[in-house]
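Reviewing the structure listed below.
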Amino acid sequence: MSAVQRTLSGTLTRVEPQPVAMPVMVNDKPMHLPAIHAKGTLSDEDSSDEFEFYVLDDPANPIVLKKKGPGFASTVIRIEYPEPAGLRKRFEVPLEKHEPVDVYGIYFSFNRADIRPESEPVLKEIASIMVKNPTWHLRIDGHTDGIGNQAANQLLSERRAAAVKETLVKEYAIDASRLNTGGHGASSPKDRNDTPEGRARNRRVELRRE
């Protein structure tokens with residue numbers, strides 16, 4: 001059944017005179033992006049409804065970060081864009097210092113440990129670091145958000161970490177002995193679990209040098 005298309009007209013009014021800060025993950029980094037907040041009534045021949053939008057305050061990239069209307073609501077919680085190869089040191093530099101790294105660019109199917117295809121760039125980056133540093137050993141730990149019960153989240157975090165190791169071994173020829181895995185469920189959150197943005201920060205894979 002296809003969705004009903006509506007042609008709406010009306011006026012949206014800016015709520016605050018200055019941009020408001022919207023929490024968004026940008027290339028694995030938690031940021032607050034400036035957004036224009038506007039709302040108003042839009043109408044067609046049949047009805048009038050209230051709408052609300054938060055639009056990135058960037059004329060070159062006016063991304064709708066959040067929107068709400070009759071029967072729908074959506075929020076952008078993550079933005080990723082290609083970075084120049086020379087700048088992609090986000091994992092290697094802290095690992096070199098034996099600092100833990102939170103990885104957000106590995107995506108899994110909902111409530112499963114299946115790695116989605118869009119995870120390839122990050123997995124390839126991790127593999128290239130391991131090839132470049134042949135003496136390194138990494139621990140891969142999974143973390144979930146707080147949705148679901150503790151036992152299920154613990155198991156899911158362990159399975160997701162194991163799936164990352166399996167992919168690095170099978171698809172990128174990394175020696176399995178150089179990778180150990182574990183999971184923490186929802187026990188080590190980075191943010192709140194009562195917002196989509198907070199849950200997105202809590203769902204992650206953590207890398208540590210051993």
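The values are calculated or read from the model by the stated rules, or taken from the named source; none is laboratory data. This one's a predicted model, so the numbers in the text were calculated from it and none came from an experiment. Neighbour counts are summed over all protein chains in view; Cβ atoms, including those assigned to glycine, are modelled from backbone coordinates with ideal geometry. Side chains are part of the model used for accessible areas, which takes the heavy atoms of the whole protein and leaves out ligands, DNA and RNA. Shrake-Rupley method; radii C 1.70, N 1.55, O 1.52, S 1.80 Å.
In terms of accessible area, using a 1.4 Å probe and ignoring ligands and nucleic acids, Ile36, Ile140 rank largest first as Ile36, Ile140. GNM remark for the chain: springs join alpha carbons under 10 Å apart, and the peak mean-square fluctuation among Thr135, Thr75, Thr167 falls on Thr135. Taking a 23 Å limit on the Cα-Cα distance, which of the listed pairs Lys124/Lys170; Lys68/Lys190; Lys89/Lys132; Lys132/Lys165; Lys89/Lys124 fall beyond it? Flagged as over cut-off: Lys68/Lys190. Here is how the number arises for the chain: DSSP H runs of 4 or more residues each give -39500 (n - 2.57), the sum is divided by the residue count, and the result at 222 nm is -7000 deg cm²/dmol. Summing Cβ point charges (Lys, Arg +1; Asp, Glu -1) relative to the Cα centre of region 163-210 gives a dipole of roughly 100 debye. Rounded to 0.05, the FRET efficiency of the Lys29 and Leu8 pair, given R0 = 35 Å and the Cβ-Cβ distance, is 0.45. Heavy-atom accessible area, probed at 1.4 angstrom with all protein chains present, ranks Ser119, Ser188 as Ser188, Ser119, highest first.
For P(r) over Cα pairs in 10 Å bins from 0, in percent, the value calculated from this model appears in (1) 7, 31, 34, 16, 6, 4, 1, 0; (2) 8, 28, 32, 24, 8, 1; (3) 8, 28, 29, 20, 12, 4, 0 under label (3).
Compared with the dominant principal axis of the Cα atoms in the chain, helix 120-132 is inclined by about 30°. Treating r as the C-beta distance of Glu96 and Glu52 and R0 as 45 Å, the FRET efficiency rounds to 0.50. Could you give me D for region 93-210, from Stokes-Einstein at 20 °C and 1.002 mPa s, where the hydrodynamic radius is the Kirkwood radius over C-alpha pairs? Units µm² s⁻¹, please. The calculation lands on 150 µm²/s.
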